[in-house]
Amino acid sequence: MSKYLDQSILVIHELLKSKKIKPIDLVLEAYERIEENKDLNLFITLNKEEALKEAKLLEDMEVDNLLFGIPIALKDNIVTKDLKTTCASLMLANFMPIYDASVVLKLKKRHMIVIGKTNMDEFAMGSSSRTSYFGAPHNPWNIEKVTGGSSGGSAGVVAARIVPFALGSDTGGSIRQPASYCGIVGMKPTYGRVSRYGLVAFASSLDQIGPMTRNVYENALLLNAIVGMDSKDLTSVSLEKEDFTRFIGEDICGMKIGVPKYFMSDIVSIEIKEKMENVFSLLKEAGCIVEYIDISYIEQAARLYQVIAMGEASSNLARFDGIRYGYSCKDPKDIDDLYYRSREEGFGEEVKRRIMVGSYLLSGENAKKYYDKAMSVRSDIRTSFLDAFKKYDLLVGPTTVSCACDIAEDMSDPLKGFMDDVLVIPVNMAGLPGLSLPIGFSKEDMPIGMHIMANDFDEATIYKLASFIEEKLALDLCPRGGNYHE
């Protein structure tokens with residue numbers, strides 16, 4: 001089998017531009033790798049026929065950008081015209097969208113090739129991707145471990161080196177947490193930076209689409225392609241065009257780095273804290289100032305997230321009623337039976353639990369008592385972060401409190417999943433950008449991630465620091481005998 005997809009995006013680009021290879025060579029290689037890794041259960045739907053057709057059409061076109069002809073995988077809650085979008089649920093198991101999400105249109109404009117839709121937690125509700133109707137994806141580093149969630153399939157396809165790029169969505173850490181578990185780079189952009197039009201909503205005030213890649217440079221490159229104002233998403237922000245790669249490789253001497261104390265407390269495993277301390281030493285040696293700081297209310301962020309996310313989820317998922325589209329039960333007795341049985345049969349247990357709790361939280365006076373109060377404290381969390389960025393360029397900490405758990409681990413405790421995301425949820429609550437970067441391995445040889453957070457719309461500074469750390473650590477991030485070269 002060829003190894004073109006093991007090369008850096010710059011090398012692949014030159015091979016395409018010089019006509020030494022064609023886009024179809026990359027697409028065929030990607031599908032070979034999917035077959036070799038089918039035991040990982042990373043995809044729900046493949047797009048092979050259309051991908052090959054698109055690759056052939058690109059053969060005679062000018063290679064006009066670095067992403068031209070490159071295969072990409074999409075999380076299965078990002079709608080794709082004439083390609084099933086299931087949200088890993090029986091409710092949408094046969095849903096065929098009639099339009100593309102805005103981010104998909106942007107990728108197609110760059111002539112990227114969508115090879116398939118990746119496995120995930122059902123309707124993005126979960127932290128391990130085990131709530132998927134189609135079965136859990138497996139971690140390429142250890143098939144007995146979870147990939148994390150909810151963007152577990154997207155993290156897995158990049159980690160397994162099936163494709164260089166994937167898109168995920170992040171509501172409470174769903175890009176960064178699986179990126180940490182799988183040893184890849186995952187970015188949640190600032191809320192409003194990327195259009196959510198065509199993303200099946202979980203919690204609308206928290207959701208954000210972002211890039212998942214092998215390295216920092218390629219992450220910034222993919223973010224370049226998907227950002228921008230979108231008239232179809234009223235929360236998207238109009239900003240001047242910028243190149244997120246522009247600070248990569250620059251000197252970091254003099255940068256001021258804050259470390260929230262809670263992120264290095266006893267909730268974090270000792271070996272993860274040790275890896276973080278090693279990175280702090282590298283930063284200090286490079287001339288950075290690293291100081292521990294306090295961020296108000298972040299220890300409460302996971303609890304507040306439950307109130308906000310489940311309330312918004314119950315509202316967003318009300319549209320799935322068994323009538324307009326999606327799963328509909330057989331032989332209903334009447335309209336009430338149709339509603340009840342379609343939702344009872346079509347949704348999984350975790351989704352139903354969140355809908356029920358969310359409906360309670362938004363009922364009557366409970367909306368003021370719980371949701372409105374949570375939103376008020378959320379505003380205080382954001383203010384505390386913004387105050388910190390008046391003094392510090394970036395904030396850092398571990399991405400997760402532990403490494404990926406066993407795929408067979410008990411799922412009966414509904415609170416555990418939220419605690420897996422306790423270090424990444426605060427960034428969503430504040431609407432800020434955050435990136436997870438691999439910084440080493442546990443004693444079980446499972447990846448460990450570092451979380452880098454920035455002020456609104458300052459993703460470029462995150463990439464500046466992340467690229468320095470990546471270069472200094474020079475980790476081998478190829479599970480299953482890969483041969484990837486930066």
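The values are calculated or read from the model by the stated rules, or taken from the named source; none is laboratory data. Note that the structure is a prediction, hence the values are computed from the model and not measured. Note that we place each Cβ from the backbone using ideal geometry, even for glycine, and neighbour counts take in every protein chain shown. With ligands, DNA and RNA removed, areas are computed over all heavy atoms of the protein, side chains included. Shrake-Rupley method; radii C 1.70, N 1.55, O 1.52, S 1.80 Å.
A Cβ-based charge dipole, computed about the Cα centre of the chain with Lys and Arg at +1 and Asp and Glu at -1, lands at about 720 debye.
To the nearest 0.05, what FRET efficiency results for ASN366 and ALA408 with a Förster distance of 30 Å applied to their C-beta separation?
For R0 = 30 Å, the calculated efficiency reads 0.25.
Applying both filters, DSSP loop and at most 14 other Cβ atoms within 10 Å, to the trypsin sites (Lys or Arg not before Pro) of the range 14-80 gives LYS19, LYS20.
Quotient of the Cα radius of gyration of the range 325-479 and 2.2 N^0.38 Å, N being its number of residues: 1.42.
Once R0 is set to 22 Å, what does the formula 1/(1 + (r/R0)^6) return for the Cβ-Cβ distance between LYS109 and LYS53, expressed as a FRET efficiency to the nearest 0.05? E between LYS109 and LYS53, to the nearest 0.05, is 0.80. Placing unit charges on the Cβ atoms of the charged side chains and taking the dipole of the chain about its Cα centre, the candidate lying farthest along the positive direction among THR131, ILE162, TYR360 is TYR360. Exposure check, 1.4 Å probe, all protein chains in place: SER281 carries approximately 60 Å² of accessible surface.
Label-to-label distance, LYS261 versus GLU14, with points set 7 angstrom from Cα along the beta-carbon direction: 5.1 nm. Spacing of the modelled spin labels on CYS253 and SER379, each 7 Å from Cα toward Cβ, amounts to 4.5 nm.
Only one of [x] 21.3, 72; [y] 21.7, 64; [z] 23.3, 91 was calculated from the structure for Rg and Dmax of the Cα atoms in Å, and its label is [x].
For the pair the range 378-392 and the range 55-134, the centres of their Cα atoms are 35 angstrom apart.
Given a cut-off of 31 Å, name the pairs among LYS53/LYS352; LYS117/LYS273; LYS241/LYS373; LYS188/LYS373; LYS188/LYS275 whose C-alpha atoms lie farther apart than that in the structure shown. Correct reply: LYS53/LYS352; LYS117/LYS273; LYS241/LYS373.
Comparing Cα centroids, the range 292-365 and the range 1-51 end up 38 angstrom apart. Straightening the chain between LEU386 and ASP476 buys 28.9 nm, computed as 0.36 nm per residue apart minus the Cα-Cα spacing. Largest first, the three principal axis extents of the alpha carbons in the range 39-84 are 34, 23, 20 Å in whole numbers. Distances between every pair of Cα atoms in the range 18-96, grouped in 10 Å steps from 0 to the bin holding the largest one, split as 16, 42, 32, 10, 1 percent.
Report, in deg cm²/dmol and to the nearest 500, the calculated mean residue ellipticity at 222 nm for the chain, where each DSSP H run with n ≥ 4 adds -39500 (n - 2.57) and the sum is divided by the residue count.
On the way: 15 runs with 169 residues, N = 486.
After summing the helix terms and dividing by residue count, I get -10500 deg cm²/dmol.
The simple Förster model, with R0 at 41 Å and r as the Cβ-Cβ distance, assigns MET356 and ILE270 a FRET efficiency of 0.60.
Backbone geometry of the range 114-121 corresponds, through the Karplus equation with coefficients 6.51, -1.76 and 1.60 at θ = phi - 60°, to 3J(HN,Hα) couplings of 6, 9, x, 10, 8, 5, 6, 5 Hz, x marking Gly and Pro.
Here the spin labels are modelled as points 7 Å beyond Cα on the Cα-Cβ line, and at GLU32 and SER328 they lie 4.6 nm apart.
Legend: P(r) of the range 188-255 from all alpha carbon pair distances, 5 Å bins from 0, whole percents, reading 3, 16, 23, 22, 16, 11, 5, 3, 0. Here the range 333-374 is scanned for amide nitrogen atoms under 14 Å from the site 7 Å beyond the Cα of ASP321 along Cα-to-Cβ, giving 335-343.
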